[in-house]
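Asker: Dropping a structure here in structure tokens format, bear with me for questions.
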Amino acid sequence: MRHATIMMGVLSAALLTSTPAWVQQAPAITSTTVELPSGDQLFPGGSDADAINNNCLACHSADMVLNQPALPKAAWESEVGKMIKTYRAPIDESDVPAIVDYLVKTKGKT
Amino acid sequence: MAHHQHDARTQALSRRTLLRTMGIAGLTLASSTAWADGSIRLPIAGEPRERPLTHEFPQKGDMILQRTRPPLLETPMEVFDRGVFTPNDRFYVRWHWAVIPTSVDAGSFRLTVRGHVNQMLSLSTDDLLKMPRVELAAVNQCSGNSRGFFSPRVPGAQWAHGAMGNARWTGVRLKDVLDRAGVKSGGIQVRFKGLDEPVVPEAPDFKKSLDIDHARDGEVMIAFAMNGEQLPLLNGFPLRLIVPGWYSTYWVKMLSDIEVLDRPDDNYWMATAYTIPDTLHANITPGQTGVKMVPISRMTPRSFVTNIADGASLPSGANADIRGIAFGGDTGVAKVEYSVDDGRTWQLATLGEDHGKYSFRRWQTNLPPLAKGGHSFMARCTNLAGDVQPAEPNWNNSGFMRNVIEPLHITTT
């Protein structure tokens, strides 16, 4: 145990040195495969959330939206507009009012 | 690689189809995060402050969950108290697009160098390992770190102060790679792209550019290791661009494509996104319009207390050890000072070991006993260029470049 601790101390001292002459060992670069959480949780609110659930979850999870502060309606309209115009989200035009309504209802500010 | 990307996109699109056809059947509500490791209350400007703590992400320990997909994971403040370098498994994570390859084969991975060059290159990680190696300690900080403290609030990731980290990056100089390809005269910018892709193919790919002189300054590097180990996939495995002193938006993850341009890059991520008001501290009045906007670039000095939380109680009649971290932004830390009288007088804190001008620097002080009651502890960093943290917070529409002095409220009892 003591031996291991000393070894670690020596190692970290070597790693922290800024001497350019220090020859570093080539770090191993190994193939990597991971699994990411799906982030498929729905927006709460039942049928009031249908429009936002149907249009917004393909590109991002709901938590980001639910973590936003309360914002004025104009700000939410602008956010939804940015998703459509800039980020090309294929949101049905007829669903936009229901999405904005949901955001104003849950995250609105006058 | 293309195969994995295709899979990821198909998965994202079928998720959409699934949601459309099935509605709520078979899916859970956002309020139930069964895999959360408890939660944390962030000291940001307003509700909601509660965030789950999660260890559900690959190669990551407990992180503050800001967004599951694409991942936005924040480093808890206590991690910065444990050492000057941020461990890889606690280093914050930020992705723009949800199509992130979940599998990268080290053998078949190639970094392409193309565009306004004499010779196009296709480099394997082995090719890079054979080139002259450099190592540098540098802070990586999100442009929007601390956005949650902006008032009035602005939309975007509601980070507290943990969208930053400090690591020893090992790799090769970008200059050496560009020289190998041979930049043709007339090459004025270099554009970088990673393996991540938008879910909607028509959406703008995430690409960032640096001026050619910056790209060839010998400091900008292509890293294959972080704190002595290969990068976690979510921090950009296998290669990440390191732009010391500049905000993280330029530190392209899973770097796979380098393109030398003979014209200024006008892509969305340079021309529109990540632009700031061309004013001191990128500061404007809320609602102000007609401001000249420029791409965000250099970082500014910041300092944080890491061993005491805002609102903490200290025993009266006793000295108190207070410590934290600071960084100078685009140059080193000259000094860290603290004040316990609302900024009227300042004392020097003791600086820890210097790991280079782009690194975090630890600082500490032993505070003499304070009178019973409420106090404000302020720390401020001055960098080697004489730039000091301001006393008043900045504001802009994007929540970028916060570097105000962050007072800590303490009560002595």
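Asker: Under Stokes-Einstein, with the Kirkwood radius over Cα pairs standing in for Rh, what whole-number D in µm²/s applies to region B:28-143 at 20 °C and 1.002 mPa s?
Answerer: 122 µm²/s
Asker: So, one more: How are the C-alpha pair distances of chain B spread across 10 Å bins, as whole percents from the shortest bin up?
Answerer: 4, 21, 31, 26, 13, 5, 1, 0
Asker: Quick one: Cα centre-to-centre distance for region A:47-98 and region B:271-328, in angstrom?
Answerer: Cα centroid to Cα centroid, the span is 30 Å.
Asker: Rule-of-thumb check for region A:49-88: C-alpha Rg over 2.2 N^0.38 Å?
Answerer: 1.16
Asker: Same structure, new question: So, in nm, how far is label B:Gln364 from label B:Thr102 when the simple model puts each one 7 Å beyond its Cα toward the Cβ?
Answerer: 4.3 nm
Asker: What dipole magnitude, in Debye to the nearest 20, does the protein assembly as shown give about its Cα centre under +1 on Lys/Arg Cβ and -1 on Asp/Glu Cβ?
Answerer: In total the dipole reaches around 440 debye.
Asker: Turning to a different aspect of this structure: Could you put B:Arg51, B:Arg133 in order, starting from the residue whose Cβ has the fewest other Cβ atoms within 10 Å?
Answerer: Going from sparsest to densest Cβ surroundings: B:Arg133, B:Arg51.
Asker: Mind checking the full-extension length gain between B:Ala318 and B:Asp81? Use 0.36 nm per residue of separation minus the Cα-Cα distance, one decimal, nm.
Answerer: Residue separation times 0.36 nm, minus the Cα-Cα distance, leaves 83.2 nm.
Asker: Rank B:Gly356, B:Phe206, B:Ala309 by how far each Cα sits towards the positive end of the charge dipole of the protein assembly as shown (+1 on Lys, Arg Cβ; -1 on Asp, Glu Cβ) and give me just the farthest.
Answerer: B:Gly356
Asker: Test of understanding: given chain B, find the longest segment containing no GluC sites (Glu not before Pro) that are in a DSSP loop and have at most 14 other Cβ atoms within 10 Å.
Answerer: Within chain B, the longest run free of exposed GluC sites (Glu not before Pro) spans B:1-201.
Asker: Can you find, among A:Ile99, A:Val80, A:Cys56, the residue farthest towards the positive end of the dipole of region A:40-110? Put +1 on the C-beta of Lys and Arg, -1 on that of Asp and Glu.
Answerer: It is A:Val80, whose Cα lies furthest towards the positive end.
Asker: 5 Å is the cut-off here: which amide hydrogens, built 1.01 Å from N in the peptide plane, fall below it relative to B:Leu123, excluding neighbours closer than 5 in sequence?
Answerer: The list, which skips near neighbours in sequence, is B:Leu111, B:Thr112, B:Val113.
Asker: Can you tell me the length gained on complete extension of the stretch B:Leu348 to B:Lys130, counting 0.36 nm per residue apart and subtracting the Cα distance?
Answerer: Computed gain between B:Leu348 and B:Lys130 is 73.9 nm.
Asker: Follow-up question, since we're still on this one. Counting other Cβ atoms within 10 Å, which trypsin sites (Lys or Arg not before Pro) in region B:361-413 have at most 15 and lie in a DSSP loop?
Answerer: Of the trypsin sites (Lys or Arg not before Pro), the ones in loops of region B:361-413 whose Cβ has at most 15 other Cβ atoms within 10 Å are B:Lys372.
Asker: While we're here: So if we plug the beta-carbon distance of B:Asn283 and B:Ser122 into 1/(1 + (r/R0)^6) with R0 = 35 Å, what FRET efficiency do we get, rounded to 0.05?
Answerer: Between B:Asn283 and B:Ser122 the formula returns 0.20.
Asker: Using θ = phi - 60° and the Karplus relation 6.51 cos²θ - 1.76 cosθ + 1.60, list the HN-Hα couplings for region A:76-89 in order, rounded to whole Hz, with x at every Gly or Pro.
Answerer: 5, 4, 5, 4, 5, x, 5, 4, 6, 6, 8, 9, 6, 5
Asker: Does region A:40-110 come out rounded, prolate or oblate by the C-alpha gyration tensor, with a ≥ b ≥ c the root eigenvalues, rounded set by a/c under 1.5 and, if not, prolate when a/b is larger than b/c and oblate if not?
Answerer: It comes out rounded by the Cα gyration axes.
Asker: Report, to one decimal in Å, the Kirkwood hydrodynamic radius for the protein assembly as shown based on all distinct Cα pairs.
Answerer: About 24.3 Å for the protein assembly as shown.
Asker: Report the FRET efficiency, 1/(1 + (r/R0)^6), for B:Ser376 and A:Leu66, where r is their Cβ-Cβ distance and R0 is 22 Å, rounded to 0.05.
Answerer: 0.10
Asker: Once you average over the residues of B:48-59, how many Cβ atoms of partner chains fall within 10 Å of each Cβ?
Answerer: Across B:48-59, the average partner-chain Cβ count within 10 Å equals 2.
Asker: Arranged by the count of other C-beta atoms within 10 angstrom, fewest first, what order do B:Arg302, B:Arg69 take?
Answerer: Ranked by crowding around the Cβ, least crowded first: B:Arg69, B:Arg302.
Asker: Still on this model: Could you give P(r) for region B:276-369, binned at 10 Å from zero, as whole percent values over all Cα-Cα pairs?
Answerer: For region B:276-369, the pair-distance distribution reads 14, 34, 27, 19, 5, 0.
Asker: Need one value for A:87-95: mean number of C-beta atoms belonging to other chains within 10 Å of its residues' C-beta atoms.
Answerer: 3
Asker: Also: Does region B:69-131 come out rounded, prolate or oblate by the C-alpha gyration tensor, with a ≥ b ≥ c the root eigenvalues, rounded set by a/c under 1.5 and, if not, prolate when a/b is larger than b/c and oblate if not?
Answerer: In terms of gyration-tensor shape, prolate.
Asker: If you don't mind, there's one more thing I want to ask. Within a 10 angstrom radius of each residue's Cβ in B:147-158, how many Cβ atoms of other chains show up on average? Whole number is fine.
Answerer: That average works out to 3.
Asker: Taking 0.36 nm per residue of sequence separation and subtracting the Cα-Cα distance, how much length would be gained by fully extending the chain between B:Lys335 and B:Asp266, in nm to one decimal?
Answerer: Length gained, B:Lys335 through B:Asp266: 21.0 nm.
Asker: Points 7 angstrom from Cα along the Cβ direction at B:Asp37 and A:Ala74: gap in nanometres?
Answerer: The answer from the label model is 4.3 nm.
Asker: Would you mind ranking B:Ser359, B:Ser185 so that the residue whose beta carbon has the fewest other beta carbons within 10 Å leads the list?
Answerer: B:Ser185, B:Ser359
Just so you know, all these numbers are worked out from the coordinates, no wet-lab data involved. The model shown is predicted, which means the values in this text are computed figures rather than measured ones. When we count neighbours, we look across all protein chains shown, and the Cβ atoms used for this are built from the backbone with ideal geometry, even at glycine.
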